[in-house]
Amino acid sequence: MIKRLLKRILVVFILLVVLWIATQYWFAEPARLLPANKHTGFDVIAHRGGRGIAPENTLHAFETSDKLGVDVLEMDIHLTKDDQLAVIHDATLDRTTNGNGEVKDYSLRELQKYDAAYHYSPDPAYNNSRDSSIYSDLADNEELFPLRGKGIRIPGLQDVFRRFPQKRMVIEIKPNRIDIVEPFCRMIKDFQKEDHLIIGSFHEEVLVHFRMVCPGVATSAFSKEATRFVLFDKVFLAGMISPDYIALQIPPDIKTKLVGNRPIVSVVTRSLMKAARGKELIVQVWTVNETDQMKEMIDIGVNGIMTDYPDRLLNLLGR
Ligand code: G3P
Ligand code: CA
């Protein structure tokens, strides 16, 4: 008797799950179409402006990549003490400049006293090393650090917008604080950059707030959304998702130090590309620096590659 009852409960439960999945599929919507996902064609994206070929997140890097013919500039922003937007990756000055301390404790003008090319080296072994002691005895080697003292500064976002009014950009909001959203949205509108941008952040609350305040501007999926899409695709259920975003910005695979930093799971696959296309999503992969992996990603059909070495990718494409 109890056995029969349990069986019935199980059957009802399975039926309810199937019904729920079917309903989700039925009502699921693709991403809305904005210039960023209407755009067809493959994009070379200079990660942090092309941090392998110039000091990261500086006007010098953006200009270098722009001259090479890069399609999109990727950069990171932080909020300063005086509510300005500084283009810098880390929350602190230490790794990339000759200053130290937290970006949020300086005004933009104060930040701009520091040399943003101080730790840049064309030699990858020394470029913006977190452990600067490895080259302390080489600190004055001009060949290793050729752009020191040339007046390369941390740019304000307005400097970048002013210099590149028509350029497409991927901008990542780095800090986990929603008070960066209003000044950022205001600046996008002031410079009429709405149609040129994709805004990303790892932080759910920040990106949800951005979508509310700046609804006309394209965003990428935050970590939880991207993980959900990738996992649902693995079990053939990505069709259930109605994305609030227009782009997946994801790594090609997941690596772990446990097995010598080798990939353990493929993230970007042909199946994922098909599911993304079905939802009007574009897929941009980060950060791909080796030519073989660039070829593999192009072959799979990604819409863009973020790379520290845009010169390699442009060469590969014969551009
Ligand atoms: O947009 C995602 C990608 O830029 C993440 O890498 O350089 O910000 O650590 P990063
Ligand atoms: Ca970034």
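So which residues in segment 243-259 are among the β-branched types (Val, Ile, Thr), in contact with a strand residue (DSSP E or B) (Cβ under 7 Å, 6 or more places away or on another chain) and more than 16 Å from ligand 2 (Cβ to nearest atom), if there are any at all?
ILE246, ILE254, THR256
Out of all the residues in segment 241-250, is one or more at pLDDT 95 or above and surrounded by fewer than 16 Cβ atoms within 10 Å (Cβ to Cβ)?
So far as segment 241-250 goes, yes, one or more of its residues are at pLDDT 95 or above and surrounded by fewer than 16 Cβ atoms within 10 Å (Cβ to Cβ).
Would you check if there is a residue in segment 260-267 being in contact with a strand residue (DSSP E or B) (Cβ under 7 Å, 6 or more places away or on another chain), of a type in the set (Ser, Thr, Tyr) and more than 16 Å from ligand 2 (Cβ to nearest atom)?
Scanning segment 260-267 turns up at least one residue that is in contact with a strand residue (DSSP E or B) (Cβ under 7 Å, 6 or more places away or on another chain), of a type in the set (Ser, Thr, Tyr) and more than 16 Å from ligand 2 (Cβ to nearest atom).
Scan segment 201-227 for residues that are assigned to a helix (DSSP H, G or I) and within 16 Å of ligand 2 (Cβ to nearest atom) and report the count.
Of the residues in that region, 5 qualify.
Inspect segment 42-53 for any residue being open to solvent by 80 Å² or more (accessible area, probe 1.4 Å) and not acidic (Asp, Glu) and give the result as yes or no.
no
Given the options LEU68, LEU59, name the one that is more than 15 Å from ligand 1 (Cβ to nearest atom), more than 30 Å from ARG186 (Cβ to Cβ) and either under 17 Å from the mean Cα position of the chain (by Cα) or at pLDDT 95 or above (or both).
LEU68
Name the one entry in ARG177, ARG163, ARG168 that is touching a strand residue (DSSP E or B) at 6+ places or on another chain (Cβ under 6 Å), in contact (Cβ under 8 Å) with a residue 24 or more places away in the chain and open to solvent by 50 Å² or more (accessible area, probe 1.4 Å).
Among ARG177, ARG163, ARG168, only ARG168 is touching a strand residue (DSSP E or B) at 6+ places or on another chain (Cβ under 6 Å), in contact (Cβ under 8 Å) with a residue 24 or more places away in the chain and open to solvent by 50 Å² or more (accessible area, probe 1.4 Å).
Which of (1) outside any strand (DSSP E or B); (2) touching a strand residue (DSSP E or B) at 6+ places or on another chain (Cβ under 8 Å); (3) not small (Gly, Ala, Ser) is the odd one out, the single condition PHE236 does not satisfy?
All conditions are met except number (2).
Among the residues of segment 55-70, write down those that are touching a residue at least 40 places away in the same chain (Cβ under 8 Å) and farther than 14 Å from ARG312 by Cα.
Correct list: PRO55, GLU56, ASN57, THR58, LEU59, HIS60, PHE62, GLU63, ASP66.
When you go through (1) closer than 20 Å to LYS234 by Cβ; (2) of a type outside the set (Ser, Thr, Tyr); (3) crowded, with 19+ Cβ neighbours inside 10 Å one by one for PRO263, which number turns out not to apply?
(3)
Only one of these conditions is not met by ASN176: (1) away from ligand 2 (no atom under 16 Å from the Cβ); (2) closer than 26 Å to LYS81 by Cα; (3) among the polar types (S, T, N, Q). Which number is it?
(1)
The values are calculated or read from the model by the stated rules, or taken from the named source; none is laboratory data. Here the structure is a predicted model, which means the values were calculated and not measured. For neighbour counting, all protein chains shown are included, and Cβ atoms are generated from backbone atoms with ideal geometry for every residue, glycine included. Heavy atoms of the whole protein, side chains included, go into the accessibility calculation; ligands, DNA and RNA do not. Shrake-Rupley method; radii C 1.70, N 1.55, O 1.52, S 1.80 Å.
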